[in-house]
Amino acid sequence: FWYIAATWAALRLPTTPGWRPYLWAGVLVGVCGGIKYPGAAAAAGVVAAHMIAGRSILDRRLWLAGAASIATFVAVTPYSVLDVDTFRAYFLHQVDNAQSGRDGLDAGPLFHLLTTLRHGPGLLGWLAWLATCGWIAWRRPAAHVAVLVSLAAGYAAIAWSPMAFTRYALPLLPLQAALLADGVARGWRWAAPRIPAIRNEQAQASVFVGLI
């Protein structure tokens, strides 16, 4: 939930003036990182949305978001500063545990791409999502790029470890679904006037049910 909320807040940055959207985005990123350390990857979506808007990396609003994220992280995980040595020890223990894998099995960095993100939408939906990602890389629409960057950063945060559980990728599924829905809608609008077989409502309903 919080990862999606942070991405949503990032999407508001290019269209909403002032410093408050940055503060809100930073707070949500801090909550993500405080609840689950890989959630800090949500910061990538904030930076991407900021840069896509043509704003400088030195913009004080971006640094405000960074400061807000750190302050919120400390508020959510206070022992990161109250007992630094214990926090560091447990954090490094978690890193070592993640690097060791599970029962000696190395799932590999493509595990979630080929498994979790495929089984979520199904094979056809997965292929349509990959096609949508390719379209985003080609056309680079601003909001889509920010969502894709957020998804990719979240994926990288969980894919580096040989320890793989499908639940790790659950925060990414809503972002995948959003991109997939947009891609299907755009593809439908492109195909409908060009393919007579899907122009009538009955044929459209049949195709829609088939995709489900």
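Might you check whether a residue that is part of a helix (DSSP H, G or I) and over 16 Å from the mean Cα position of the chain (by Cα) occurs anywhere in region 158-167? No: region 158-167 contains no residue that is part of a helix (DSSP H, G or I) and over 16 Å from the mean Cα position of the chain (by Cα).
Inside region 32-62, can you point out the residues that are among the β-branched types (Val, Ile, Thr), out of contact with any Phe, Trp or Tyr (no Cβ under 7 Å at 6 or more places or on another chain) and open to solvent by 30 Å² or more (accessible area, probe 1.4 Å)? If the condition is that a residue be among the β-branched types (Val, Ile, Thr), out of contact with any Phe, Trp or Tyr (no Cβ under 7 Å at 6 or more places or on another chain) and open to solvent by 30 Å² or more (accessible area, probe 1.4 Å), then VAL47, ILE52, ILE57 are the ones that fit. Across region 65-103, the number of residues qualifying as outside any helix (DSSP H, G or I) and either at pLDDT below 85 or basic (Lys, Arg) (or both) comes to 3.
Residues checked against (1) over 19 Å from GLY39 (Cβ atoms); (2) open to solvent by less than 70 Å² (accessible area, probe 1.4 Å):
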{"residue": "LEU64", "(1), (2)": "yes, yes"}
{"residue": "THR86", "(1), (2)": "yes, yes"}
{"residue": "PRO121", "(1), (2)": "yes, yes"}
{"residue": "TRP138", "(1), (2)": "yes, no"}
{"residue": "VAL149", "(1), (2)": "no, yes"}
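Of the numbered criteria (1) in contact (Cβ under 8 Å) with a residue 12 or more places away in the chain; (2) more than 22 Å from the chain's Cα centre (by Cα); (3) surrounded by 14 or more Cβ atoms within 10 Å (Cβ to Cβ), the one ASN97 fails is (3). Residues considered: THR72, THR7, THR15. Of these, the only one that is surrounded by fewer than 15 Cβ atoms within 10 Å (Cβ to Cβ) and of a type in the set (Ser, Thr, Tyr) is THR15. Considering every residue within region 156-168, establish whether at least one is basic (Lys, Arg) and either modelled with pLDDT of 85 or more or over 22 Å from ILE4 (Cα atoms) (or both). The answer is no; no qualifying residue exists. Hey, any hits in region 104-112 for a residue that's in a helix (DSSP H, G or I) and either open to solvent by 80 Å² or more (accessible area, probe 1.4 Å) or in contact with a Gly (Cβ under 6 Å, 6 or more places away or on another chain) (or both)? No.
The values are calculated or read from the model by the stated rules, or taken from the named source; none is laboratory data. Predicted model only: the values in this text are computed from it and were never measured. Cβ sites come from the backbone with ideal geometry, for glycine too, and all protein chains shown count toward neighbours. Surface accessibility is based on the protein's heavy atoms, side chains included, excluding ligands, DNA and RNA. Shrake-Rupley method; radii C 1.70, N 1.55, O 1.52, S 1.80 Å.
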